[in-house]
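Reviewing the structure listed below.
The values are calculated or read from the model by the stated rules, or taken from the named source; none is laboratory data. Note that the coordinates shown come from a computational prediction; the quantities given were computed from them, not determined experimentally. Cβ sites come from the backbone with ideal geometry, for glycine too, and all protein chains shown count toward neighbours. Keep in mind that these areas ignore ligands, DNA and RNA; they rest on the heavy atoms of the full protein, side chains included. Shrake-Rupley method; radii C 1.70, N 1.55, O 1.52, S 1.80 Å.
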Amino acid sequence: MELVEVIKSAVPAHYRREKHPARRVFQALRIAVNSELDALEKVLPSAVEVLKSGGRLCVITFHSLEDRIVKHFMKEKSKTCICPPGLPICTCNHQAELKIITRRPIVPGEEECRKNPRSRSAKLRVAEKL
């Protein structure tokens, strides 16, 4: 409770009226203590490795840090060429491992958010193994 009071006194008044000011601090502490982002970065390559061709990798994220990791991972694994930009001809012979199915993440609709308020921040990204 002492930490909550310190946080409340440190944030601007308009922020305190919107949502509980300690919410993000405790989220950041949980993410750091549980090494959630590191775990996500480790599991994504393993998930692709165990998928059979045609299998789908579906990832639901709940905050922007997770979503950025998943988005960049899928984007990297879907590249057909990893040659430095500016080369006139591809010489890498790199093969894409994934085909991105959802260019933009699927987000819950108004009804889903009304029924399940925790779903409001969820984003679903899907890719298929080639």
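Using 24 Å as the Cα-Cα cut-off, could you pick out the over-long pairs in K42/K115; K79/K129; K71/K99; K19/K115? Over 24 Å apart, Cα to Cα: K42/K115. For the chain, carbon and sulfur atoms together expose 56% of the accessible surface, with a 1.4 angstrom probe and every protein chain in place.
For the pair V107 and L130 in one chain, pulling the backbone fully straight at 0.36 nm per residue adds 5.8 nm over the alpha carbon distance.
Of the listed peptides 63-72, 34-43, 5-14, 93-102, what is their order by residue-averaged count of other C-beta atoms within 10 Å, with the highest listed first? Walk me through the intermediate numbers first.
Working: 63-72: 15.8, 34-43: 12.7, 5-14: 10.8, 93-102: 14.3.
Packing proxy ranking, top to bottom: 63-72, 93-102, 34-43, 5-14.
The label point for V43 and the one for I31, both projected 7 Å from the Cα toward the Cβ, are 1.6 nm apart.
May I ask you to give the solvent-accessible area per residue for the chain, in square angstrom, as obtained with a 1.4 angstrom probe?
74
Share of pairwise Cα-Cα distances greater than 24 Å in the chain is 49 percent (whole percent).
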